[in-house]
Amino acid sequence: MPEFTLRLRRYDPDAGEAPYWDEHTIELESHQSVLEGILQARARFDGSIGIRCSCRAAICGSCGVRINGQPALACHTHLDQAMTGARDGVIEVEPMGNMPVIKDLIVDMDAVHWAKIRRVTPWLINKEPIPEREYIVPHEAMVDVTQSMACIQCGACVSDCLSMEVDPLFIGPAALAKAYRFVGDPRDAQHFSRLKDLAEDPHGIYDCTHCFKCIEACPKGVAPMSQIMRLRRVAGRDHQIDDGNNGGRHERSFTNLVRDYGILWEAEVLPRSYGGDSRLAKLSPRAGGELLESLPVIAKALLRGKVTPKGVLKPHRLPKDDLKQIKRIYETIEGREAGERFELNLYISGYDEEQEGAGGATPDAASDAAQGGDGGQQGAEAGQPGQSPEGSPSR
Amino acid sequence: MKVAYWPGCVSRGFTPELHGSMDKVAPLLDLELVELDRASCCGAGVIAEHNQELADTLNARTFALAQQVEGAELMMNICSTCQGAQTECQERLDANAEYRAHVNETLGEDGLTYEKGLTNKNLLWLLVEEIGLEELRSRVKRPLTDLRVGPFYGCYIVRPTDRLGIDEAKPRDTYLGQVIEALGGTVVDYAGAYKCCGFPIITMNKEVSLRQAGRHLGDAVAAAADCLVTPCPLCHLNLDLQQPLAERMVGSELRMPVLHLPQLLGLALGLEPQELGMQRHVVKPTSVIDWSTSVVGGVNGG
């Protein structure tokens with residue numbers, strides 16, 4: 001039977017001693033899991049190794065750890081798979097990040113993860129009157145929340161969240177994904193107040209930096225960041241929430257600047273995010289204060305020629321005909337009624353079969369592209385998006 | 001090699017030295033850039049946050065324009081964020097024929113169509129996968145000997161790995177290090193290489209944003225880096241333009257120069273710092289140009 005060496009991070013806060021690494025060599029088949037390896041090490045060599053686990057089948061969410069620096073479920077990671085990420089031939093297992101260690105590989109989920117989950121009112125608030133029998137909910141609405149419902153509360157996303165790393169008060173990916181589960185549920189009566197609350201909280205939906213860490217971390221394809229973007233979409237566009245964190249205004253000014261100029265007029269984003277979507281935004285007290293505070297940076301940028309006065313006052317813009325096209329695209333799409341909106345979620349729809357008769361493209365054009373036909377683009381190679389339908393899409 | 005070149009917005013706005021240095025470096029790599037000057041902003045994830053179909057359609061328009069460039073082998077960008085935001089839209093467009101047809105219907109009114117399967121590569125990917133490190137090495141005129149460079153990727157070009165086609169065959173999350181080495185420099189291992197610069201929330205939570213930038217810069221200082229290099233102009237804004245404020249936030253002096261990828265390339269390929277716009281940075285790249293006295297003279301008041 002093959003041998004694997006595990007390097008476990010050991011720490012007992014009560015002992016008053018520093019954390020240390022502990023190595024054990026175990027014998028298991030390579031398709032067996034890192035969790036089984038840890039349990040064998042505990043059974044054979046050291047009964048004091050701390051690890052939490054229950055189902056051993058990737059559904060209870062108890063055994064979240066970091067394997068070779070990456071968050072994972074120990075029961076869902078094969079030993080041979082873990083070996084591919086082992087830097088020096090040894091599989092390194094650490095406790096998850098962003099949460100205090102109780103002992104060895106066990107972190108305090110109550111203090112962080114569950115506290116944050118409770119923060120978002122994680123239950124349905126009924127619409128009144130409550131129907132006599134069952135609620136009738138459109139199929140699409142329930143499909144829409146299935147992705148956030150797939151969460152098993154393992155904390156992998158919390159462990160890796162880069163915003164939380166510097167702002168421990170950030171509500172975080174798992175809890176916000178949970179919040180979307182109710183904001184997306186037509187039976188819930190409190191969509192607006194939930195969103196208003198999460199938008200106004202300085203550590204709420206607008207504290208996420210788009211770093212994609214949680215998408216990468218999640219073993220269940222929940223894509224918490226995508227759920228946060230959905231919360232922002234509903235808050236900013238559908239409810240027009242004007243929050244104190246500039247979140248909604250930032251989104252609207254950015255989007256409208258691109259409509260008006262085709263490319264982003266950066267110098268206007270900041271004042272408009274603070275002061276509202278108008279050229280006069282910079283005169284508003286909020287924007288004025290911020291501009292004043294940024295004056296040293298602005299002055300330096302001007303001094304170094306990084307930014308020219310012309311660039312600040314006069315935007316780049318697309319040629320007239322192209323701007324017209326952009327405006328028309330905006331009118332068509334932004335003009336759609338709520339029910340006509342088209343939002344594709346690959347988690348639900350999946351990928352087309354590899355060789356489908358392409359919808360927009362003629363068969364000729366498709367084969368041309370595949371052969372790198374003259375004048376056209378070369379065919380997409382492996383690794384281009386949408387080219388690898390195997391495995392479950394995670395967004 | 002002829003490419004449909006998407007410079008992005010920031011390289012023509014607050015980081016003009018990026019667009020400028022790319023222009024200078026391209027001929028030295030035999031790259032013919034056909035600028036997509038009719039294309040719109042990629043949305044940087046913000047337009048998608050507002051309206052997903054709108055972002056997908058705007059980018060499909062960009063892709064359609066790129067596909068019209070005669071003889072171009074692929075589309076190239078010089079911004080991690082453009083790469084990430086555009087790849088996200090392309091993933092949806094390529095995954096679903098019905099959706100693609102729906103988006104193309106909107107584009108159709110202007111006679112444009114996006115055909116599935118565009119190749120869109122950041123300069124970083126193009127360097128390693130199309131030009132090749134051997135070729136790059138052979139073109140180096142001034143090896144970056146003894147220059148200790150910390151890679152700073154930017155989130156959008158490394159995550160999610162499956163969407164971006166990062167795997168064993170294409171370890172795109174190691175390319176910056178490989179390029180630094182090919183140019184003769186030394187790669188500095190520090191904690192921040194794959195972390196977030198904080199820029200996306202600079203208008204929403206300035207303190208947290210600057211603390212992120214300050215932390216990574218501080219880690220690079222602690223690892224004795226001479227400079228950072230990034231393929232993302234938005235990261236550059238938070239790491240360079242905002243560095244004085246980040247210093248204040250973390251309470252320590254950082255003075256860490258941050259170079260755009262084409263600037264680092266340009267130095268090694270023999271261009272002068274001034275041609276590469278390095279005098280425009282907020283943090284003067286003195287530690288970068290100390291390695292060769294002839295170069296020190298080239299920088300304004302360096």
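The values are calculated or read from the model by the stated rules, or taken from the named source; none is laboratory data. Worth saying up front: this structure is predicted, and the values here are computed from it rather than measured. Please note: Cβ atoms are built from the backbone with ideal geometry, for glycine as well, and neighbour counts cover all protein chains shown.
Points worth noting:
- When B:Glu134, B:Glu98 are checked against the criterion of being at the interface with another protein chain (Cβ under 7 Å from one of its Cβ atoms) and among the acidic types (Asp, Glu), a single residue qualifies: B:Glu98.
- Scanning region A:95-132 for residues that are among the aliphatic types (A, V, I, L, M) and over 16 Å from A:Gly204 (Cα atoms) returns A:Met96, A:Met99, A:Val101, A:Ile102, A:Leu105, A:Ile106, A:Val107, A:Met109, A:Ala111, A:Leu124, A:Ile125, A:Ile130.
- Residue in region A:59-82 that is of a type in the set (A, V, I, L, M) and in contact with an Asp or Glu (Cβ under 6 Å, 6 or more places away or on another chain) present: no
- The set of residues in region A:4-18 being assigned to a loop (DSSP other than H, G, I, E, B) and either outside the structural domain of A:Gln70 (by TED's automatic domain parsing) or in contact (Cβ under 8 Å) with a residue 12 or more places away in the chain (or both) consists of A:Tyr11, A:Asp12.
Here's the yes/no breakdown for (1) over 27 Å from B:Pro16 (Cβ atoms); (2) in the same structural domain as B:Ala26 (by TED's automatic domain parsing); (3) part of a loop (DSSP other than H, G, I, E, B):
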site: B:Ala44; (1), (2), (3): no, yes, yes
site: B:Thr57; (1), (2), (3): yes, yes, no
site: B:Ala66; (1), (2), (3): no, yes, no
site: B:Val69; (1), (2), (3): no, yes, yes
site: B:Met75; (1), (2), (3): no, yes, no
site: B:Thr81; (1), (2), (3): no, yes, no
site: B:Ala85; (1), (2), (3): no, yes, no
site: B:Gln90; (1), (2), (3): yes, yes, no
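- Every condition in (1) more than 12 Å from chain A (Cβ to nearest Cβ); (2) buried (at least 18 other Cβ atoms within 10 Å of the Cβ); (3) not in a loop (DSSP other than H, G, I, E, B) holds for B:Tyr190 except the one numbered (3).
- So B:Gly184, is it more than 13 Å from chain A (Cβ to nearest Cβ), surrounded by fewer than 22 Cβ atoms within 10 Å (Cβ to Cβ) and part of a helix (DSSP H, G or I): no
- Summed over region A:24-55, the residues that are more than 21 Å from A:Ile102 (Cα to Cα), among the charged types (D, E, K, R) and assigned to a loop (DSSP other than H, G, I, E, B) give a count of 1.
- B:Val34 satisfies every condition listed in (1) in a helix (DSSP H, G or I); (2) surrounded by fewer than 24 Cβ atoms within 10 Å (Cβ to Cβ) except (1).
- The requirement of being more than 7 Å from chain A (Cβ to nearest Cβ), under 29 Å from A:Glu331 (Cβ atoms) and in contact (Cβ under 8 Å) with a residue 60 or more places away in the chain is fulfilled somewhere in region B:40-50, by at least one residue.
- B:Glu73 vs. criteria more than 14 Å from the chain's Cα centre (by Cα), at pLDDT below 95 and within 16 Å of B:Tyr5 (Cβ to Cβ): yes
- Residue match in region A:268-288 (condition: of a type in the set (S, T, N, Q), in contact with a Pro (Cβ under 7 Å, 6 or more places away or on another chain) and assigned to a loop (DSSP other than H, G, I, E, B)): no
- Helices (runs of 4 or more DSSP H) within region B:233-294 that include 2 or more residues without any contact (Cβ under 8 Å) to a residue 60 or more places away in the chain and at negative phi: B:243-250, B:286-289
- Once region A:95-153 is narrowed to residues that are part of a loop (DSSP other than H, G, I, E, B) and among the hydroxyl-bearing types (Ser, Thr, Tyr), the residue that is surrounded by the most Cβ atoms within 10 Å (Cβ to Cβ) is A:Thr121.
- Looking only at region A:168-196, residues that are closer than 23 Å to A:Gly155 by Cβ and crowded, with 19+ Cβ neighbours inside 10 Å come to 16 in all.
- A:Ser253 meets all of the listed conditions (1) part of a loop (DSSP other than H, G, I, E, B); (2) within 11 Å of chain B (Cβ to nearest Cβ); (3) among the polar types (S, T, N, Q) but one, namely (1).
- In region A:256-276, the residues that are touching a Lys or Arg at 6+ places or on another chain (Cβ under 9 Å), modelled with pLDDT of 95 or more and at the interface with another protein chain (Cβ under 7 Å from one of its Cβ atoms): A:Gly262
- Boolean, B:Ser11 is closer than 26 Å to B:Asn238 by Cα, in contact with a helix residue (DSSP H, G or I) (Cβ under 6 Å, 6 or more places away or on another chain), more than 7 Å from chain A (Cβ to nearest Cβ) and among the hydroxyl-bearing types (Ser, Thr, Tyr): yes
- Screening region B:238-267 for residues that are acidic (Asp, Glu) and surrounded by fewer than 24 Cβ atoms within 10 Å (Cβ to Cβ) and picking the one that is nearest to the other protein chains (Cβ to nearest Cβ) gives B:Glu247.
- Checklist (1) buried (at least 24 other Cβ atoms within 10 Å of the Cβ); (2) within 27 Å of A:Ile228 (Cα to Cα); (3) facing chain A (nearest Cβ under 8 Å) applied to B:Gln86, failing item: (3)
- Remark: B:Thr203 falls outside the filter, which requires a residue to be out of contact with any Cys (no Cβ under 9 Å at 6 or more places or on another chain) and more than 10 Å from every other protein chain (Cβ to nearest Cβ).
- Any hit, region A:299-308, residues being closer than 30 Å to B:Leu112 by Cα, at pLDDT 85 or above and assigned by TED's automatic domain parsing to the domain that holds A:Ser253: no
- Of the candidates B:Glu91, B:Glu168, B:Glu73, the single residue that is farther than 21 Å from B:Val34 by Cα and facing chain A (nearest Cβ under 7 Å) is B:Glu91.
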